[in-house]
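Chemist: The structure follows.
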Amino acid sequence: MSNVSEVSRARDNILNRLRAAVAQVGDPAPEAGALSPLEFDHAERVARLKRLMEAMHAEVVVTDSAGWVAALKNVLRQRTLNGLLYAPETPIGAALAAAWEDDLPPLVGYTQEVEQCKEQLFAIDAGITSTKGGIAEVGALILWPDAHEPRLMSLAPAVHIAVLDADHIHNSLTEAMVRERWAERMPTNALLISGPSKTADIELVLTFGVHGPKELIVLLVDDRPALTPPS
């Protein structure tokens, strides 16, 4: 019985101290005002995303819709790769299949369940995916994996190549969610990617490529001509 009484007294003491502390606080702090929305123009969004992603060790190649396949071929020819994992049933896949050349790494279609192709999937050097868009504020890609482009396509290969339409770069994540109407059709797995895989040890030494791709290459497709500054 004495133990119960002691616990009860201890509890009452704690509650009394909490009530006294609340009483001394006075009026609650006013709510913080809403942050002003970011408003970059198109060129600023492209430049900011490129700068921030390159700061995170991503390689960003600015190209256009007529030249992105050629830009991809140039990227691949600079590396020794055993293959490129792609999704045949996507617009990107169709464009690659129609324009591929013999001196490039062989195209490997993701057409089987992971249990059937796991060994090949984790042995291939590079994979290419589409993107849902980008976020200029933080310098990140938005990926929405689906049945044609599962998450492993951007995770398993050592080199992840992502194709980004510059018109789908948003100022902020909030803007992307509103304009793309995420609430109506959220995927089971939405991803934000700012660079290659990275981790830090207890001494905060950052290491890239430990738990995922060692390289992230972004083909930034921009069909808007850059404004020429006045002479």
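Chemist: Output the number of residues of the range 46-104 satisfying the condition of being over 20 Å from the mean Cα position of the chain (by Cα), under 16 Å from ALA166 (Cα atoms) and acidic (Asp, Glu).
Modeler: Of the residues in the range 46-104, 1 are over 20 Å from the mean Cα position of the chain (by Cα), under 16 Å from ALA166 (Cα atoms) and acidic (Asp, Glu).
Chemist: Does ASP125 count as over 21 Å from ARG48 (Cα atoms) and at pLDDT 90 or above? Steps first, answer last, please.
Modeler: On the way: over 21 Å from ARG48 (Cα atoms): yes; at pLDDT 90 or above: yes.
So ASP125 passes the test.
Chemist: Sticking with this structure for a sec: Tally the residues that are open to solvent by less than 90 Å² (accessible area, probe 1.4 Å) and modelled with pLDDT of 65 or more, restricting the search to the range 199-225.
Modeler: Result for the range 199-225: 11.
Chemist: For the list (1) at pLDDT 95 or above; (2) of a type in the set (A, V, I, L, M); (3) under 26 Å from ASP146 (Cβ atoms), I need the number of the one condition that MET56 fails.
Modeler: Only one criterion is unmet by MET56, namely (1).
The values are calculated or read from the model by the stated rules, or taken from the named source; none is laboratory data. Here the structure is a predicted model, which is why all the values come from computation and not from measurement. Counting neighbours? That spans all protein chains shown, and the Cβs are built from the backbone with ideal geometry, glycine included. In case anyone asks, the SASA skips ligands and DNA or RNA and just uses the protein heavy atoms, side chains included. Shrake-Rupley method; radii C 1.70, N 1.55, O 1.52, S 1.80 Å.
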